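The structure under discussion appears below in the form of structure tokens.
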2 protein chains.
Amino acid sequence: EGAIAVPTEDGRIAVRIVSGLSQSDPPDVMRGEETQIAGLVAGSPEFDGIVCLPGTHSKWVRVQGGRVEWFRTLMTGELFALLSERSVLRHSVGEGWSDAAFDAGVRAALADPDALMPGLFALRSEALLGDLDGGNARARLSGLLIGAELSAMRTAWTAYPVAIVASAALARRYEAALAPHGAQVTRCDGEALTLAGLRANRAILEAKP
Amino acid sequence: EGAIAVPTEDGRIAVRIVSGLSQSDPPDVMRGEETQIAGLVAGSPEFDGIVCLPGTHSKWVRVQGGRVEWFRTLMTGELFALLSERSVLRHSVGEGWSDAAFDAGVRAALADPDALMPGLFALRSEALLGDLDGGNARARLSGLLIGAELSAMRTAWTAYPVAIVASAALARRYEAALAPHGAQVTRCDGEALTLAGLRANRAILEAKP
């Protein structure tokens, strides 16, 4: 259901587009991530928790009984790209990384979501005043934004186990942010879930031609 | 003090650059707004409150006894420009305005600072689902960001009267956001304060040659 056949010139190829999800209250849309969720459910039909798919537009998805109950999207990755590449902070954010600075940013935003807004320009000020190098600024900015995301989704990850679906590096970053605050986290291989989801979709389509 | 003479080719012109302010804890810098604050203090030496200078980098400045006690910078205007012009939200933000949508955004962020992060992508979703036009999206985005700024600065504007220094349109927007929540707000003419501040600086320089 929801799969749309696309005309092809080569009769050996049959293309179907599987629709995404939309939610009316609160309004939200998903276009792509549902494939990975289908892959997760195909492999773990009993999964009862939150699927977190971090990225440009991070998705937090409540999955129970093989169904998506609700989901929420936060523009965390896009905000990081805009702020680090196109805002005044680009002069202060450089190469490199610091786990301690990332952790400090996460903790600041989780302890008080009001820390995000003043915490952004403080990166610029602290760099100008000579106390913050580019790698520390990058890591703290990432921590502040991911901390704000986690603060907004706190009721989800405190109530349910969280399966993180992402590249290995990004999944480890979210696990590092979540685990110290009591979340029960597992990491999933995003590419494997995408393939599993496509196989599951194909099986459904072939079962009802 | 802090005024640096600049060489000129024409002997009839004497140029001085007056330094800005820096603050070490929390780190912050000010480069320009101090002139308007000097103008405000020159006209109202007894001013005891907060000077709010909204804009690309909004400044909240505690002024007492003719001195700046502390200040804080928030990138509210730059975030609005980045999100409305360069993020995925640019497809949903259009011309037009709605006072009611602005007010809804302010109230949502003030009631819960965790509303900001999910509230951003919701603008895109709500527009895609057909329930939000471009002017309403623009006003709600502005309201969410200004509401987050006000939430972060709540202890300032609940404790002290606020003088807003900005263009008439921007000052009215901040007054509309602050006044319903109990703040004691006055609006100041930014250009008049700039000129008054420059005159005050010149008088100081001429008094001690």
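The values are calculated or read from the model by the stated rules, or taken from the named source; none is laboratory data. From a predicted model like this one, the values you see are computed outputs, not experimental measurements. Cβ atoms come from the backbone with ideal geometry, glycine included; neighbour counts cover every protein chain shown. The protein model used for the area step is the full one, side chains on, heavy atoms only, and it has no ligands, DNA or RNA in it. Shrake-Rupley method; radii C 1.70, N 1.55, O 1.52, S 1.80 Å.
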Check: Cα centroid distance between region A:125-141 and region B:130-209, in Å?
Finding: 28
Check: How about region B:66-166: which chymotrypsin sites (Phe, Trp or Tyr not before Pro) there lie in a loop by DSSP and see at most 16 other Cβ atoms within 10 Å?
Finding: B:97
Checklist line | Positive-pole candidate from A:118, A:8, A:38, dipole of region A:3-207, charges at beta carbon | finding: A:8
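Run the dipole for region B:25-139 about the Cα centre, Lys and Arg Cβ at +1, Asp and Glu Cβ at -1, nothing else charged, and hand back the magnitude in debye, nearest 20.
Numbers: 10 positive and 17 negative charges, 53 e Å.
Value, rounded to 20: 260 debye.
Within a 10 angstrom radius of each residue's Cβ in A:108-121, how many Cβ atoms of other chains show up on average? Whole number is fine.
Working: counts 0, 2, 0, 0, 2, 10, 11, 2, 8, 17, 11, 3, 7, 13.
Averaged over the peptide's residues, the number is 6.
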Check: How much accessible surface does residue A:153 have with a 1.4 Å probe, in Å² rounded to 10?
Finding: 10
Note to self: What is the angle, in °, between the Cα long axis of helix B:33-43 and the longest principal axis of the Cα atoms in chain B? Nearest 10 is fine, range 0 to 90.
What the structure shows: 70
Check: In nm, what does the list of distances from residue A:187 to its counterparts in the other copies look like, shortest first, when each label sits 7 Å along Cα to Cβ?
Finding: 5.4
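Suppose all protein chains stay in the model; what accessible area per residue would a 1.4 Å probe give for the protein assembly as shown, in Å²?
Details: 19840 Å² over 418 residues.
Roughly 47 Å² per residue, with all protein chains present.
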Item checked: Shielded residues, region B:49-90 - accessible-area loss of 10 Å² or more between chain alone and all protein chains, probe 1.4 Å -> B:57, B:72, B:73, B:74, B:75, B:78, B:79, B:82, B:83, B:86, B:87, B:88
Next item on the list: Select from region A:4-36 all residues whose loss of accessible area on going from the chain by itself to the full protein assembly reaches 50 Å² or more (probe 1.4 Å).
Entry: A:27, A:29
Note to self: Tell me the angle of helix A:190-207 to the major Cα principal axis of chain A, expressed in degrees between 0 and 90 and rounded to the nearest ten.
What the structure shows: 20
Item checked: Principal-axis tilt of helix B:116-128 within chain B, Cα atoms, nearest 10 degrees -> 50
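Inside 10 Å of the C-beta atoms of A:150-157, what's the mean count of C-beta atoms belonging to other chains? Mind dumping the intermediate values first?
Numbers: counts 2, 4, 8, 3, 1, 1, 0, 0.
The shielding value for this peptide is 2.
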Item checked: 7 Å along Cα→Cβ, label-point gaps from residue B:81 to other copies, nm, shortest first -> 2.1
Notebook entry, point to check: Chains B and A: what accessible area do they bury, summed, in square angstrom to the nearest 100, with a 1.4 Å probe?
Noted result: 3300
Item checked: Gaussian network model of chain A, Cα within-10 Å springs - most flexible of A:13, A:50, A:146 -> A:13
Check: Which value, in Å² and to the nearest 10, is the accessible area of residue B:25 when all protein chains are kept and the probe is 1.4 Å?
Finding: 130
Margin query: For chain B, set up a GNM with springs between Cα atoms under 10 Å and report which of B:21, B:150, B:74 has the largest fluctuation.
Written below: B:21
Margin query: Give me the inter-chain shielding for A:123-129: mean count of other chain Cβ atoms within 10 Å, whole number please.
Written below: 5
Check: Counting DSSP beta bridges in region A:3-207, what percent are antiparallel, to the nearest 5?
Finding: 70
Check: Do the sum for chain A: with -39,500 (n - 2.57) for every DSSP H run of n ≥ 4, divided by all residues, what is the mean residue ellipticity at 222 nm, to the nearest 500 deg cm²/dmol?
Finding: -15500 deg cm²/dmol
Notebook entry, point to check: In the protein assembly as shown, carbon and sulfur make up what percent of the accessible area (probe 1.4 Å)?
Noted result: 51
Margin query: Running a GNM on chain B with Cα contacts under 10 Å, which residue among B:162, B:41, B:29 ends up with the highest mean-square fluctuation?
Written below: B:29
Item checked: Label spacing, shortest first and in nm, from residue A:32 to its equivalents in the remaining copies (7 angstrom along Cα→Cβ) -> 3.7
